Amino acid sequence: MFQSCKRIAWQVLFQLAALGLKPVLVTFQLALETGAVVVGAVGAVVEETDEHADALEKPDRQTIARVMQDGLVERHVAMQGVRAQTVDLQHVIHLATGAADELIHFIESAGGLVRTDDLDVGHFQISCLSRLTGVYHTAMFRLAVVLIALLLTSSCESAATVRVATFNIAMGLKSEGQLGQALKDGRAEKLQQIAEILQRVRPDIVLLNEFDYDPSVDAPAFLNEHYLAQGQNGQAAINYPYHFRAPVNTGVDSGRDLDGDGETGGPGDSWGFGHFPGQYGMLVLSRYPLKSSRSFREFRWANMPAALRPTLTDGSDFYSEETWELLRLSSKSHWDLQFEIDGKPLHLLAHHPTPPVFDGPEDRNGRRNFDEIRFWRDYVHGDDGHYIIDDQGQPGGLAEGASFIIAGDFNADPMDGDAVDNAIGQLLQSPRINTHCTPVSSGAAETARSQGGLNDTHKGDPAADTADFNDEYTGNLRLDYVLPSSDLVVSGCGVFWPAAGQAGHALAQVSDHRLVWVDIKR
Ligand SMILES: [Ca+2]
Ligand SMILES: [Ca+2]
Ligand SMILES: [Ca+2]
Ligand SMILES: [Ca+2]
């Protein structure tokens, strides 16, 4: 990002030199200020006319031209003095350099006071309130500061904050079609509560774990229309124009006796534990467009070098050679979803490893959980991912230097619970992962205190727990993660688990897991 910012800044400086400074300086300054105002005004207008929410983030020139033609921006500027909030610097510069004539025409016709609050330029904040006639000298001064700031700061990041979340909503329902029915119905209380949580936290991209995959129902459309478009409990509606869903391994019969109970065909003999195909599936919702996807549902566990193959206590293999060669690593699926955020790619690496429990001394689920997590660790570590092959037959891991976020219910606590030692440590200790922000909540700390039991023996910080389990056998655990790559700037993180008396406290019980979010600058 900062490369192109700096390139543009240099270009402007060269133009200044070539053209005799003053006209270009003034043009650029006016465009910079007006660009911010136009972005804010178009946002407000689009919101009013209930158009595509994406236009709020990045109105294109056609949208701006149309809105300006209709006189709506002028009306907003005149009526309210539009408050430009977070402004994408690159976009403003694009307007400034590409559409200067339009912008100057607009600003002249709008006249009067134009206000730009907190235009964020790298680390440099400008607040200005300027009358647009007779400010040439001030404008030149400000522009010089802006350009120097662009050229001198080590980063030239945009001010756009992107919130990425993961939420195991526990909507893996008892029978096939049940979730589809609830989605069509529009009055399912659990879905209303889940919608309210999304409306309160307002993630830009969210992975929902345990959302049954049913290709016969347009689940994303029903979820948007019947639940998210309705303000739940006074919250503002939210809309996700983009989504990704695909088949999962849960409930897909392997034809083999995977759980070793001497019979075939039960939920434990599916490629991932489940009573019907699609149970405990995944759904990703996004406000940003999805550019490409890879899935690794069929990747064979045996193809992972030094895989943790389950063994019995006498050292013999739990799975026959024939079964081992067929086993799929992913208990649901592993997806690499490349989104585009203001022209910049971001990979969401989504998964939901098996719980390490419900097995025997061979620890087949614990070992699978460890290797499901290791899959992403290898995927983002250059050559370590050489063995990986996707469902389309393409080999290799993530491109060097690509930005990513690994999200999901990992079913592995760093200190407590039944996961294999260091299962989540494979990622938390990786230099490729930014772990500066540990999501915590006051609800988690309070719940561990009040429930007691095994929570009292846990080594991990109770405030970081994300799941509320039986306190006699398990206790509350930190299982859900949103892990950004180390190149990403994290500006905040949290868990939606309000303590007693805080807004939304009763909602937390909708699932045994809580929503976890991270804000990154993009
Ligand atoms: Ca069986
Ligand atoms: Ca186990
Ligand atoms: Ca508990
Ligand atoms: Ca705990």
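The values are calculated or read from the model by the stated rules, or taken from the named source; none is laboratory data. For clarity, every value in this text was computed on a predicted model and none was experimentally measured. Positions of Cβ are backbone-derived with ideal geometry, glycine not excepted, and every protein chain shown enters the neighbour counts.
A few notes on this one:
Residue-wise test of (1) within 16 Å of ligand 1 (Cβ to nearest atom); (2) within 24 Å of D212 (Cβ to Cβ).
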{"position": "E362", "(1), (2)": "yes, no"}
{"position": "D371", "(1), (2)": "no, no"}
{"position": "R374", "(1), (2)": "no, no"}
{"position": "R377", "(1), (2)": "no, no"}
{"position": "H386", "(1), (2)": "no, no"}
{"position": "D391", "(1), (2)": "no, yes"}
{"position": "G396", "(1), (2)": "no, no"}
{"position": "S403", "(1), (2)": "no, no"}
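- Those helices (runs of 4 or more DSSP H) lying entirely in the range 153-244 with at least 2 residues within 24 Å of R297 (Cβ to Cβ) and in contact (Cβ under 8 Å) with a residue 40 or more places away in the chain: 178-185, 219-222
- Scanning the range 382-436 for residues that are without any contact (Cβ under 8 Å) to a residue 40 or more places away in the chain and either more than 30 Å from N476 (Cα to Cα) or touching a strand residue (DSSP E or B) at 6+ places or on another chain (Cβ under 7 Å) (or both) returns G382, D383, D384, G385, H386, G393, P395, G396, G397, A399, E400.
- Residue count, the range 436-459 (criterion: surrounded by fewer than 20 Cβ atoms within 10 Å (Cβ to Cβ), within 12 Å of ligand 4 (Cβ to nearest atom) and in a helix (DSSP H, G or I)): 7
- The set of residues from the range 400-418 being away from ligand 2 (no atom under 16 Å from the Cβ) and under 19 Å from the mean Cα position of the chain (by Cα) comprises G401, A402, S403, F404, I405, I406, A407, G408, D409.
- Some residue of the range 253-260 being of a type outside the set (A, V, I, L, M), away from ligand 1 (no atom under 16 Å from the Cβ), in a loop (DSSP other than H, G, I, E, B) and at pLDDT 95 or above: no
- Qualifying residue in the range 217-224 (condition: of a type in the set (G, A, S), modelled with pLDDT of 95 or more and within 16 Å of ligand 1 (Cβ to nearest atom)): no
- Among residues of the range 261-306, those that are touching a helix residue (DSSP H, G or I) at 6+ places or on another chain (Cβ under 6 Å) and within 16 Å of ligand 2 (Cβ to nearest atom), counted: 1
- Among the residues of the range 449-467, just one is touching a helix residue (DSSP H, G or I) at 6+ places or on another chain (Cβ under 6 Å) and within 8 Å of ligand 3 (Cβ to nearest atom), namely N455.
- Yes/no for A464 being in contact (Cβ under 8 Å) with a residue 24 or more places away in the chain, buried (at least 22 other Cβ atoms within 10 Å of the Cβ) and near ligand 4 (Cβ under 10 Å from one of its atoms): no
- The conditions of being away from ligand 2 (no atom under 16 Å from the Cβ), within 26 Å of the chain's Cα centre (by Cα) and at pLDDT 95 or above are met by H243.
- Test result for D413, buried (at least 16 other Cβ atoms within 10 Å of the Cβ) and assigned to a loop (DSSP other than H, G, I, E, B): yes
- S292 over 28 Å from E340 (Cβ atoms) and modelled with pLDDT of 95 or more: no
- Candidates are the residues of the range 340-367 that are under 15 Å from N422 (Cβ atoms) and not in a loop (DSSP other than H, G, I, E, B); the one that is farthest from ligand 4 (Cβ to nearest atom) is R367.
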